Structures are given as structure tokens and as C-alpha cells.
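To start, the structure itself, in C-alpha cells.
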Amino acid sequence: MIGQALNRVDGPSKVAGRATYAYEHWVAAPPLYGFIVGATIGKGRITRIDSESAEGAPGVHVVMTHHNAPAQGARDESIPFEYWRAQPVLTGPEIHHYGEPVALVVAATFEQARAAAELVDVEYAAEPGRFDFAAHRDEGYAPASVNAGMATDTAAGDFDTGFDASAVKVDQRYTTPYELSMPMEPHACLVEPHGEDLTVYVSSQIVDAAHASLAGTLGADPARIHIVAPYVGGGFGSKLGIHAETILAALAARALDRPVKVALTRQQMFHLTGLRPTSSQRVRLGAARDGRLEAIAHDVTMHTRPDREYPEQTAATTRSLYAAPNRSTTHRLTPVDLPQGADVRAPGEAPGLLAVESAMDELAHALEMDPVELRIRNEPTADPERDVPFSERRLVECLREGARRFGWERRPTAPASVREGRWLVGYGMAAGIRKHFQGPTAVRVRMETDGTAVVQTDMTDIGTGTYTILTQVAAEALGLTSDQVRVELGRSDFPASWGSGGSWGACNSSTALHRACQALRKKLLSTAQGDPRSPLHGLDPADALFSDGKLSIGGRSEPMREIVARNHPQGLDAEGEIPFMGDDPNYSDYSIHTYGAHFAEVGVDADTAEIRLRRMLGVFSVGRVLNAKTVRSQLMGGMIWGVGAALQEEAFVDPRTGAIATRDFAQYLLPVHADIPDIDVAVLDGHDDKANALGSKGAGELGICGAGAAVANAVFNATGTRVRDFPITLEKVLPGLPPMEA
């Protein structure tokens, strides 16, 4: 059952409209609707706020500002992870960034709330803001650590000496823009009060984080807060934590003792849900004439909000990717008055590999060496910086298999040398790597008296297929069919998990479920053996088999439903859990990653510099596959995101106000169907027993890792123009295009 391309078990509910998302839940009392008023300056303070006209508008119940907002808990920076901290809003007149909430208008309808929001009159004392990252880039400082507690800087050998002595060198700076997650389902919630309790229907990737953050913000007993998130319409990192709409809805629901709905508009999401930091990355590679790296350095400077530090681990993947005796990686933060940096799909790896894998292509060109061969030549035998063995490393297999499938031998060796009519044609490739994470996760499984199994965990399904893979794991472990398993997700009264994020959700929840099923099997065996009424009474359990809904020992068997019905009329349950990776010795004794190799072919119009992806291939190693169909979809989605990062995606900041100017899908460009013609995905069979008992590793974000660089390298191969300021747009390519032949 595990590994099969089982169709999504929640598919029929979604197609029929029965899958209920946060904003769609029905509650007993008619809900009120909230609309957020955002600041129209990027830095300063409110000097006057007049809500009288808004309060008198039709249908309005309350206008909440910093003058009348309830007291809230302060952020506790000692809590290790941002998403579990309190997130207070409307706490004072200070404005930290454009669009920051200054008021919430609550009315009987959404239209009334939105209309009244226009009547809130706010005056500001604007202050000079730091909105231009490039102007302040050299003012960066070193944070104490970077994302996920990784070291800020690392060093091995003597980089300066090794680089100076290298025969061939690359020393280039690459820049990546602000990017945003922008899931299909906007950030939204419905908060229903009932007595001292609040039920919060919210679009959240991590229920436990939402629960802790909301309780801490409201100063409430966590037992009084109930989070419900059975379906989440995408997140990509933006829903790892809760945002202003959830806090404000909860404050209003408490104050009015009425259910309150708040949803962000698409434009509001650009300022209120976090963004990938812009970065300036210097990559230095020093190699011998045979292509072997002698020195590698990756120095990253990125933006951060001054009062809420976010250091993306952009240089971290460089630490484990290629062998080189002399090494250095650094991270620096430059404070600017913009929205908070946050995890956007493949945080760190996506922008970091865009730079490093472009630099490797530059090195291959300087050496006149095949880019695939260059990477294989620098394959390490152990983690280059941690000096521990890899758990399962199949990057070279990905590279070779990808080259074979793609027809890499047909690659033009000289840039701008192949034309098809008006199109310049080029090939590019890049490697991908991503660290595999493990977080504390618990799952409960219960066998009912009718022989069905119920799986419960607060783990979420953000469209990735959690309902389906947990069905497969439970069915295989308990010897059931898929329609005999029911998976229940996304409630804070279920066993807690790390949710969906960081590509850890599937493996964490599946491994914890596997352990729960093993515990349930032992209970079933013990019950049957100890029951004189069972045909399995007293038999040796050594060769017990769970299959077709039955427990069999030797030649005897009994339906599990009869064992449970006779001995446990309320059902029989068991729990399984896994620890944080820091408490698992495998994660200190081994370097545990996933790997990929990307290949792309592009056409570039020789007159206009229009870039068109013609085909793309990704070959990946993710350990054991849990569902062949969902993993392919996840990897393909990541690859498409990589295409967008290379060619289109960029949030422009107005340097005068700090506003994101490109705050809708008419201006913030993403790939559409016409941009993505032919993408193929291949996944190597594998099993990483150091990662977990199932041998599986995270796949969701691996697809984006290196994908953009493959496209960028193909553009260079087609045109001879190297663009290091991403995304690669027409005006950056056009001046360097070769002249058309007469």
C-alpha cells in the first residue's frame, strides 16, 4: 500500500464542495465581518485616529484601534520558534512598515465593514524610513544564529590561501528579490466564542503553533482555545504562524461575544503575511585545472525587520553540497523598515542554490568542462564541514540519470551557437540538495468495533496529500483496505505535531503513525492471546500476520473487529510519537539530506529577448516514496516555482514609502499554464533507514532547490549573456544578444 499512486482520499469531498475551509464554516449565530485598515506610511507614528464616522456607518458594531484594543501578551523571544510566540497587534501608535494594521472595523456584512474602513481617518507623523536594501547592504550585522538554529558562520581550512592559490576562480555577486508565498486560499479565519472558550477556524499549517500563539497573545488558558483546520488551501510557509487577521478576529469575537470572520484581501497579504528576504550573495569558487574545488565561500546579506529578526539560512546548503578543503559561509542581516522576513517555500535553499549553482556553471564555462562532470568530480565522501557520513546520498545517480533521460549529450558546448529560426536554444542544469528535518509529532490510532481504523493528529493537509498518505500507512500496518481507514486532521484536541512545513510533515506524521500502529498491533495481539474465547488464545505471536482485516497466527485467524468488539466495546487505541531531531542520535551522527538534478531547455527570441521554457526534467532522491502520485505533483510544483523565481517573480518596493508596489497578480508575476510546456519528474527508488523507520524523507520543497539555476544556466547557454540579478527579465538579456545573421 505504501508507495502506491493512490488517488487522494479527500478528492471527492473537494470536488463536491464538502471540504470546508476556514472562512466557509457555518456556526450557530450569524457571524460579523471584520476588515483591516492598514497604515499608509512606512515608518512613524499615529498622531490622531478618528473612527467616529466609521462607527456611525450602517451595520458597524465596533472599530478597534490601539486606543480601545484589549491588552495582549508580549512577544517572548526566548521561545525558540517564531510561530509559537505571541503576535500582539494594535498595541500602540508606532508604525513599523507600510500596511501594518491600525484599525479593525467589524460590521454585519463584509461590504459594510469594507465601506466603513474607508471612513477611518488617520493622521501620521512620518519618519524617514530605510526602504532601500541595496543602499544599506554594507551595514549588515551577524545574527546569533540563522533559521532552524543553524550556525551563522562556518569555516574549514584556510579559504583565503586556498582561493588565492587556485588556478581558476569565480568571484561573483548574485541578487535575489523579495518573494511571497501567495497560496490560493487567502489568509482567513472565523472565531466563535462560547462562554470562556473560543473555537478558531483558521487556515494554518501548524495547529500547535496557532494554538500556543493565540493563547499567548490573548493571555488565555490554552485549554480554552480550540483550533480547527481540517483543510488548508496552500501555505508555502506563509501559514506556519498566525497573522493579524486571526488575532483581530479573536479580540473582536471576545469583545462582542459574537462570531467574527476576517479575511485578508490579496493586496493585504503582500504586507501582512511575511516575505522571503531580498539577498545579495557573493560566491567564490577556486578550482584546479582538473575542476576539483580547492576553495568555496558563500557570503549572504539579506534584509530583516529591525524589531523582528529573521535570518534565512541561505548559505547553509553550500556547507554539504561539494567537497573542498578550504571553506567559508557567512550570513549578515541589514535592517530595513519593511514587513517581516518569513519562511517561503524552501527558505534558504531556493535563493542560495540559485546563486551557488549559477556560480558552478560559470566555473564549468571557465574550465571548458561539462557542468555535470564538474559536479560529479566534486562529490564528497562525507559531509564536508561536519565530517560525518551521509545517511543516503545519491546525487551522482540523479545527475547521471538526468543527463541520460534529458539527452544532455546534445547540449551546445558554445553559448549562443544554436539557432532555430529566430530562437536561440540553450541547455542548462543544476544540482539540488535540502536538509531533512524531524520535529516532535504524535499520532493516535483507534480500532473501532466495526473493524475500521481512525487516525487522529493535529497535522494539517495543505493540499499535499496528508489524508492520503496516512491512510496508506495505517492500511498497510494494520492489514486493512484504504476505505477501512478514516483520517481526522487539524484539531488542537488531537495529538500535537509540527504540522505541514519544512517538508517534514509527511515523514513526521507517517513515522509517528507507524509507531502508533505497531503499538496497536501489540495490544490486539495481547488481547487475543489472553481471551479464552478467541481462536488465537495462547498461541505464539512470533508469526502473527495482519491482513484482510484479520489477525492470523499459524493456521488460525480472527477478524480484528470481533477481537475489539468482544473486549473493547469503546474501541482500542494507541499512540505513537517521534522526538525532535536534536534528541535523535541519527541526526548528529549522520548528514541527512534529499537530492535532485535539474535539466532545462529554453528558447530565447533573438530580437526581443523573450525567454520560453521548452522542456524541463528533474530527477530526485527522497528515500522511500510514500505515494508516487502526490510526490510527483509536489516535485513538479516546486520545479515550476523555480522557473518563476528565475524568470518572473519579484516584489518591487517603493523606495519613498516602503509599500510593495506589485501587490496583485496583475503585477506580481507567476508562471501560468502557457509558461510551462513540458515538465518531467523521475524519482529514484530508495530507503534511508537513518531518517526514520519508514526510510522516507521530505520532498515538497526539494523540487524548487536548484530548479531556477538550471533555467538561468540554460539562458546563458542560449545567449552568452549571464544575468546575476534575478529574475532574468527582457531588459537584462536584450543588450547582450548576439546579432542576427544576415
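The values are calculated or read from the model by the stated rules, or taken from the named source; none is laboratory data. If you're wondering where the values come from, they're calculated on a predicted model, not measured in any experiment. So basically every Cβ, Gly included, is an ideal-geometry build from the backbone, and we count neighbours across all protein chains shown. With ligands, DNA and RNA removed, areas are computed over all heavy atoms of the protein, side chains included. Shrake-Rupley method; radii C 1.70, N 1.55, O 1.52, S 1.80 Å.
Details
- Overall form of the chain per C-alpha gyration tensor (a/c, 1.5; a/b vs b/c): oblate
- Ranked packing of 66-75, 364-373, most packed first, by mean Cβ within 10 Å: 364-373, 66-75
- Space enclosed by the convex hull of the alpha-carbon atoms of region 434-570, per residue, Å³: 108
- Two-decimal Rg/Rh across region 83-207, once Rg and the Kirkwood Rh are taken from alpha-carbon atoms: 1.10
- Membrane-span-like helices of the chain, defined as complete DSSP H segments with a Cα extent of 24 Å or more along the helix axis and a mean Kyte hydropathy of at least -0.5, are identified as 349-367, 505-529, 628-647.
- Rg(Cα) / (2.2 N^0.38 Å) computed for region 225-287, rounded to two decimals: 1.71
- Between region 580-612 and region 463-490, the alpha-carbon center distance in angstrom: 29
- When each of the peptides 31-39, 241-249, 128-136 is scored by the mean number of other C-beta atoms lying within 10 Å of its residues, the order from highest to lowest reads 241-249, 31-39, 128-136.
- Mean sequence separation of contacting Cα pairs (under 8 Å, at least six apart), scaled by the length of the chain, corresponds to a relative contact order of 16 percent.
- Extreme residue, positive dipole direction of the chain, given options GLY700, LEU617, TYR124 (C-beta unit charges): LEU617
- On region 366-483, 44 percent of the accessible area sits on carbon and sulfur atoms, based on a 1.4 Å probe.
- Taking the Cα centre of region 412-490 as origin and assigning +1 to Lys and Arg Cβ atoms and -1 to Asp and Glu Cβ atoms, the resulting dipole is close to 580 debye.
- Area projected by the alpha carbon convex hull of region 299-425, averaged over all directions, nm²: 11.2
- Alpha carbon convex hull of region 1-58, volume per residue in cubic angstrom: 243
- Summed side-chain charge close to PRO80 - residues other than PRO80 whose Cβ falls under 14 Å, Lys, Arg +1, Asp, Glu -1: -4
- Over region 183-275, equivalent-ellipsoid semi-axes from the Cα gyration tensor in Å: 21, 14, 11
- Residue-normalised accessible area of the chain, expressed per residue, 1.4 Å probe, Å²: 37
- Simple Cβ-charge dipole of the chain, Lys/Arg +1 and Asp/Glu -1, about Cα centre, in debye nearest 20: 1160
- Burial order of peptide ranges 449-460, 46-57, 388-399, 341-352 (average beta-carbon count within 10 Å, highest first): 341-352, 449-460, 388-399, 46-57
- Local net charge near ARG308, Cβ-Cβ under 9 Å (Lys/Arg +1, Asp/Glu -1): -1
- Neighbourhood net charge (12 Å Cβ-Cβ; Lys/Arg +1, Asp/Glu -1) for ASP458: -2
- Considering only alpha-carbon pairs that sit under 8 angstrom and 6 or more positions apart, the relative contact order computed for region 421-565 is 27 percent.
- Three-way shape label, region 587-675, alpha-carbon gyration tensor, a/c 1.5: oblate
- Of interest is the spacing of the C-alpha centroids, which for region 398-456 and region 239-309 amounts to 24 Å.
- Relative contact order [Cα under 8 Å, 6+ residues apart], region 68-117, whole percent: 25
- Our Cα-only numbers for region 590-742 put the radius of gyration and Dmax at 18.2, 64 Å.
- Antiparallel DSSP beta bridges within the chain, as percent of all bridges there, nearest 5: 75
- Accessible carbon and sulfur surface of region 196-340 relative to its total accessible area, %, 1.4 Å: 46
- Two-site label geometry, ARG612 and ARG282: point separation in nm, points 7 Å out along Cα→Cβ: 4.1
- Here the accessible area is traced with a 1.4 Å probe on the protein chains. For region 677-735, carbon and sulfur cover 49 percent of it.
- Under the convention that each Lys and Arg Cβ holds +1 and each Asp and Glu Cβ holds -1, the size of the dipole of region 515-654 around its Cα centre is about 940 debye.
- Alpha-carbon centroid distance for the pair region 499-557 / region 19-83, whole angstrom: 49
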